[in-house]
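Colleague: So that we are looking at the same thing, I have put the structure below in structure tokens.
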Amino acid sequence: MSDLQKRLKCVILNVGDIVIDCINNDIGILTRRARKFDMLLEELYIWEVRWINKSKEELPNIGSIEEESLKLSIAVGTYEWHSIQGDSIEL
């Protein structure tokens, strides 16, 4: 099993987890997980994220990220992840 696969298996997301976008310095809180259906993938999960950027004095921005894409971004280091369960991945 590759290092990337091991990291992906370690990422178990929960409502309340914090993700930090290392490129834009945005801080996000996972607020909701929704199950969606896709004709090709059958089912997938979308996370609602409330984003805050310290340098921009704007109200929090709400966005959505597909779960597997979010996990991959965490595993490769685009996002730092801090779980409410105490787990984290920082590269």
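The values are calculated or read from the model by the stated rules, or taken from the named source; none is laboratory data. Note that this is a predicted model, so its numbers are computed, not measured. Backbone-built Cβ (ideal geometry, glycine too); neighbour counts: all protein chains shown.
Colleague: Any residue in the range 31-57 that's surrounded by fewer than 10 Cβ atoms within 10 Å (Cβ to Cβ): show its pairings with residues that are among the β-branched types (Val, Ile, Thr) and modelled with pLDDT under 95 at Cβ separation under 9 Å, as long as the two are six or more apart or on different chains.
Modeller: Pairs that qualify, where the first residue is surrounded by fewer than 10 Cβ atoms within 10 Å (Cβ to Cβ) and the partner is among the β-branched types (Val, Ile, Thr) and modelled with pLDDT under 95, are Lys54/Ile27.
Colleague: Return the pairs, sorted by first residue and then second, in which the second residue is outside any loop (DSSP other than H, G, I, E, B) and modelled with pLDDT under 85, the first residue lies in the range 1-26 and is under 20 Å from Val49 (Cα atoms) and of a type in the set (A, V, I, L, M), the beta carbons are less than 8 Å apart, and the residues are 6+ apart or on different chains.
Modeller: Close Cβ pairs (under 8 Å, with a partner that is outside any loop (DSSP other than H, G, I, E, B) and modelled with pLDDT under 85) amount to Val11/Ile89.
Colleague: Please work out which residue is farthest from Ser83 (Cα to Cα), limiting yourself to the range 27-45 and to residues that are under 12 Å from the mean Cα position of the chain (by Cα) and of a type outside the set (A, V, I, L, M, F, W, C).
Modeller: Checked the range 27-45; the qualifying residue farthest from Ser83 (Cα to Cα) is Tyr45.
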